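Scroll down for the structure; my scribbles are underneath it.
What follows is calculated from the coordinates using simple rules that are stated; it is not laboratory data. None of the values given here were measured: they were computed from a predicted structure. So basically every Cβ, Gly included, is an ideal-geometry build from the backbone, and we count neighbours across all protein chains shown.
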Amino acid sequence: MHTNSLVSTNNKRERVLLILAALFVALIRIALTLARHLPWYSLWPLLVWGACALLLHIGLTWLLPLRDPIILPVVMLMAGWGIVLTARLAPAFSTRQPIWLVVAALASLAIARLSPGLRILRRYRYSWLIAGIILLAATLIFGVNPSGGANAPRLWLGFGFIYFQPSEILKLLMVIFMASYLADKRDILSVKPLRVWKITLPTPQYIAPLLLMWGFCMILLIWQRDLGTASLFFIIFLGMLYVATNQTGYLLVGLVLLMLSGLAGYFLFDVVRLRVDAWLNPWPEASGRAFQIVQSLLAIASGGLFGQGIGQGSPTYIPVVHSDFVLAAIAEEWGLMGAVGVIASLAILIFRGLRIAAKNVDQPFKSLLAAGISLSLGIQSLLIAGGVLKLIPLTGVTFPFISYGGSSLLSGFVMIGLLWRLSDPATNRRIDQPIFSEPSLEFTP
Amino acid sequence: MSLEITLFVIRIVVAVLLYAFLGTVLFYCVRDIHTASAQAPEKPGASARLVIVESENVPLEPGLSFDLLPLTTIGRGQTCTVVLPDSFASTEHARIACRKEQWWLDDLDSRNGTLLNDFPVTGTVVLAAGDLIRVGRVTLRFDLV
C-alpha cells in the first residue's frame, strides 16, 4: 500500500485545515477584544488554543499516522469558538474553559496512546459501567450545583474549585458498554427473535442484561431530575440497538415508549410540563416561565442572515446562554451564516464518525463504538439545537464542544480520542475478536 | 480606520474563512470518496454460490443454486439463508462467511455434522472452488462465479 504517501497527505490536510481554523479563531477573538474594549492581555486563551492544536497535531502524527485528518481541525474550530463565546457570554468562566481544553486535549492524547486501552474497555464492560453508575449515584449524596440555587438539580461533584458532571462520563461508558455487549450478542439479538403480534422482540435472556444496566442509568438520571440527559440516553440506546440489529421493530417500540414516558413526565414532573407548555406556546408567559425560550427566539430573529456582529449583540439576556443556549448566541452575533457553519461542522464530524464505523464493518465492536459515538454527538446536538430553535421541547443538554462546561468538553474529547484510534487501521487490529472462532489457515480434515 | 469599519472588515474575513474551512473539508471528503471508489476491490458479495449436486429424498432439484451472502447460514430453519427441507439437517447447521476475500465454512454444532469433501468439518476451514459440502442428505458444490 502507499502508506507513506497516505500519511503525508493526511498530515498536509490536517495542517491546512488547522491553519484555516486558527485564523478563524484568532480573528473572532481579536474582533471581540476590539468590540468590547477588552485589554490585549486577555488574548492569552488564543495561545493556549494554539498550543493545544500544535500538541495534538504533532502527537497524533507520531502516535496514529493513519488517523482521520479531518476530525482534529473541526473539533478544534468548535472548541476555539467555544472559548471565544465563553469569554463573550460568561467572562467569569473565561479562565476555566481554556484550562479545561488543555485537560481535554491531554486526555484525548492519552486515549490515543494507551496501548491495551480498547480491549480493556471491551472486556470489563460491566465493571466500567457500574463504576460510572456509582459515580453518578455519588451525586445524590455529595452533589452540588456550582451556580447555586436552592432547588437547582445537583448534578455536579465538587473537588475544591473544580466541578465535574459524572453523567457526561456515564454517557461515554454507556456507549462503550452497549457497543461491547451488542458486538457479542447481535447475532442472537437479530437472528432468533421472539415474535409477538407482527413485532419482533429479542429473546428475554439476551436483552435482559442490557435493559437492566440501561434501567439503572435511567432511574438514577430521573431521580436526579436530569431529564435532558435521561432522554439523550434513551435515544442513544434505541439508536445503537437499531444500528446493531437492523430491526425496525425496536425503533417503533422505543418511540411509543418515548411518547408514553413523555406523557407520564408531563403529569409527574413540573419541569417537563413547563418545558412542553413553553414549547407549545411560550408567548403568554414571555416574561415569566417561558422567558428563556422567548429571549432565545428574539436573539435568533435579531441575528438575521449575517448577525449583529461579534460582541455587538445582546445575547446575555438569555439565562444560561453560555451553556445550553450557546447556539442562540451564535445565531444572534454571527447570524444564520454562523449557525449553519456550526451545524455543518458537527455534521462533518458525525459523517466522519459514521464513515469510520462503515469502514470497520467486519469488526463489530469497533464499528458499533464509532457509530455510537457519532450517534451520541449527533443526537445531543439535535436535542439542544432543536430546543433552542423551539422545534422540540427544550432538553437541558450541552452543545458538544462549543458550550461552556469542562465535563462536556472532556467527554467530547475522549470520544474524539476513541474515534482517532478507531480510524487508524494500523493500530488495534486485534481489539475485535471475530464473531465466530478465529479462522485457522491450515486446512483441517 | 474607525473601529466600526475594522470590525466590519473582520466580520467579512471571518465569514470567508469559516466557509473556506468548510469548503476545504468538503473538497477533501469528496476526494476521499473518489480515491476509495477507485481503489475498491471487486465486491465479493455475489461472487460465490452453492449448487445442489445430490439430494436423496429431499425435495430439492440438483442444479439449483444459491448465491452466497457475506454471512450465509445453511440449515433446516426458515431463518437460514439456504433452507434445506431435510430432516437430517439441524435448524442452523453450518455457516459460510466471507472474510479477507476468502470464504470460510464452519459447522454450527450440528447433530449430524458437516462434511467437506467427505471429511467432517471441525473448526473453521477455508473453501476452494469445486469443494463438495454435505449437510444432512444434501451435497452442495461451492462455486466461485
**Study point:** Distance violations [Cα-Cα > 19 Å] among A:Lys185/B:Lys100; A:Lys171/A:Lys366; A:Lys359/B:Lys100
**Key:** A:Lys185/B:Lys100
Review point. Taking square-rooted eigenvalues a ≥ b ≥ c of the alpha carbon gyration tensor, is the protein assembly as shown rounded, prolate or oblate, where a/c under 1.5 means rounded and, failing that, a/b exceeding b/c means prolate?
Key: prolate
Practice item. State the extension gain, in nm to one decimal, for the chain segment bounded by B:Thr24 and B:Leu71, taking 0.36 nm per residue of separation less the distance between their alpha-carbons. Key: 13.1 nm
Review point. Given springs between every Cα pair under 10 Å in a Gaussian network model of chain A, which of A:His37, A:His322, A:His57 has the largest fluctuation?
Key: A:His37
Check your understanding: GNM on chain A, C-alpha springs below 10 Å: top fluctuator among A:Ala26, A:Ala183, A:Ala92?
Key -> A:Ala92
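For B:116-126, what's the mean count of beta carbons from other chains sitting within 10 Å of each residue's beta carbon?
Neighbouring Cβ atoms belonging to other protein chains average 4 per residue here.
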**Study point:** Relative exposure of A:Thr33, B:Thr6, judged by other C-beta atoms within 10 Å (fewest first)
**Key:** B:Thr6, A:Thr33
Check your understanding: Mean separation of Cα pairs under 8 Å and 6+ residues apart, divided by the residue count of chain B: what relative contact order is that in percent?
Key -> 20
Study note, to complete from the structure: With only helices counted (DSSP H, runs n ≥ 4, each -39500 (n - 2.57)), the per-residue ellipticity at 222 nm for chain A, to the nearest 500, works out to -23000 deg cm²/dmol
Review point. Using Cα pairs under 8 angstrom and six or more residues apart, how large is the relative contact order of the range A:245-354, in percent?
Key: 19
Review point. So how do A:282-291, B:13-22, B:118-127 stack up, highest first, on mean other-Cβ count within 10 Å?
Key: B:13-22, B:118-127, A:282-291
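Would you order A:Phe93, A:Phe399, A:Phe267 from fewest to most other beta-carbon atoms within 10 Å of each residue's own beta-carbon?
A:Phe267, A:Phe93, A:Phe399
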Exercise for review: Just report the Cα centroid separation between the range A:24-91 and the range B:81-120, whole Å.
Suggested key: 57
Review point. In what sequence, highest mean first, do A:404-411, B:102-109, A:5-12 appear when ranked by Cβ atoms within 10 angstrom?
Key: A:404-411, B:102-109, A:5-12
**Study point:** Cα centroid separation, the range A:276-320 to the range B:19-39 (Å)
**Key:** 37
